[in-house]
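The structure under discussion appears below in the form of structure tokens.
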Amino acid sequence: MTKIYFIGAGPGDPELITLKGKKIIDKADIIIYAGSLVNPQVLGGRKDNSTLYNSASMTLDEVVKVYSDAKDSNKIIARVHTGDPSIYGAIREQMDRCEDLKIDYEVIPGVSSFTAAASVLKKEFTLPGVSQTVICTRLEGRTAVPEDESLEKLASHKTSMAIFLSVQMMDDVVKKLLLHYDEATPIAVIQKATWEDEKIIRGTLADIAQKVRDEDIRKTAMILIGNFLGNNYELSKLYDEKFSHEYRDAK
């Protein structure tokens, strides 16, 4: 029986795909990958006789036709998405079509670009005394955003925030964030986090838009905003010698 695996390829570094995901890619008979975003090195170990499709130029119907045509061929299909496929991966519509076609499928998670961006900055989203919430969102573009999830409304919480798919509208992003965040709030833009040619821009809401223009960053970039990017925070209770829990008594 043919089976489809929706695989998160990670943020770019070919070593940041999961072992499970890599094993499936290496033995897959058919691979459909997001060619505009997935690092080709992730596919480096694939079988010589595997069939490769670049979904960047394909419609949903064309992708599903590959699934349908292979339904009774007892093949392994690797559907490779960037980052983690559950975040802006457009996999729900594919899974629903698999349900309609009665094709077995599985989702293999991956490292998202927003956590990869934090890693290259060497920062922690949930600092005690600073923020215990992370908001992942995007600015409205060709894909609409529900009114209650507008950037300016989400910014009112002043949490740690990861803004996807919006760097090409950086001036608008800053304008909306400034409705609630102070202009001195630290912000970073990370283009192609963990790739060999990654680029990191640090600044504040007062100067980040100009810095992004100066570096001509227009796509494949993550925007991180919040005081978690600063250096003031409280120490964790988890390792506090005066704090007891199931595995340790307070001293």
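The values are calculated or read from the model by the stated rules, or taken from the named source; none is laboratory data. This is a predicted model, so every value here is computed, not measured. Note that we place each Cβ from the backbone using ideal geometry, even for glycine, and neighbour counts take in every protein chain shown.
Where the second residue is at pLDDT below 95 and the first is of a type in the set (D, E, K, R) and lies in segment 107-135, which pairs have Cβ atoms under 9 Å and are six or more apart or on separate chains?
Sorted first by the residue in segment 107-135, then by its partner, the pairs are Glu124/Tyr233.
Considering each of Glu140, Glu183, Glu198, Glu147 in turn, give the residue that is touching a strand residue (DSSP E or B) at 6+ places or on another chain (Cβ under 7 Å), without any contact (Cβ under 8 Å) to a residue 24 or more places away in the chain and among the acidic types (Asp, Glu).
Exactly one of Glu140, Glu183, Glu198, Glu147 is touching a strand residue (DSSP E or B) at 6+ places or on another chain (Cβ under 7 Å), without any contact (Cβ under 8 Å) to a residue 24 or more places away in the chain and among the acidic types (Asp, Glu), namely Glu183.
For Ile76, all conditions in the list (1) among the hydrophobic types (A, V, I, L, M, F, W, C); (2) over 26 Å from Met222 (Cβ atoms); (3) within 23 Å of the chain's Cα centre (by Cα) hold save one; what is the number of the exception?
If we test Ile76 against (1) among the hydrophobic types (A, V, I, L, M, F, W, C); (2) over 26 Å from Met222 (Cβ atoms); (3) within 23 Å of the chain's Cα centre (by Cα), just (3) comes out false.
Collect the residues in segment 118-154 that are charged (D, E, K, R), at pLDDT 95 or above and part of a loop (DSSP other than H, G, I, E, B), keeping them in residue-number order.
If the condition is that a residue be charged (D, E, K, R), at pLDDT 95 or above and part of a loop (DSSP other than H, G, I, E, B), then Lys122, Lys123, Glu124 are the ones that fit.
Please specify each residue of segment 173-199 satisfying the condition of being surrounded by 15 or more Cβ atoms within 10 Å (Cβ to Cβ) and either of a type in the set (Val, Ile, Thr) or more than 29 Å from Gly10 (Cβ to Cβ) (or both).
Passing the criteria: Val173, Val174, Lys176, Leu178, His180, Tyr181, Thr185, Ile187, Val189, Ile190, Thr194.
Suppose we keep only residues that are in contact with a Lys or Arg (Cβ under 7 Å, 6 or more places away or on another chain) and assigned to a strand (DSSP E or B) within segment 155-185. Which one would you say is nearest to Leu37 (Cα to Cα)?
By that ranking, first place goes to Phe164.
Taking segment 1-27 on its own, how many of its residues are without any contact (Cβ under 8 Å) to a residue 24 or more places away in the chain and either among the acidic types (Asp, Glu) or closer than 21 Å to Lys75 by Cβ (or both)?
Of the residues in that region, 4 qualify.
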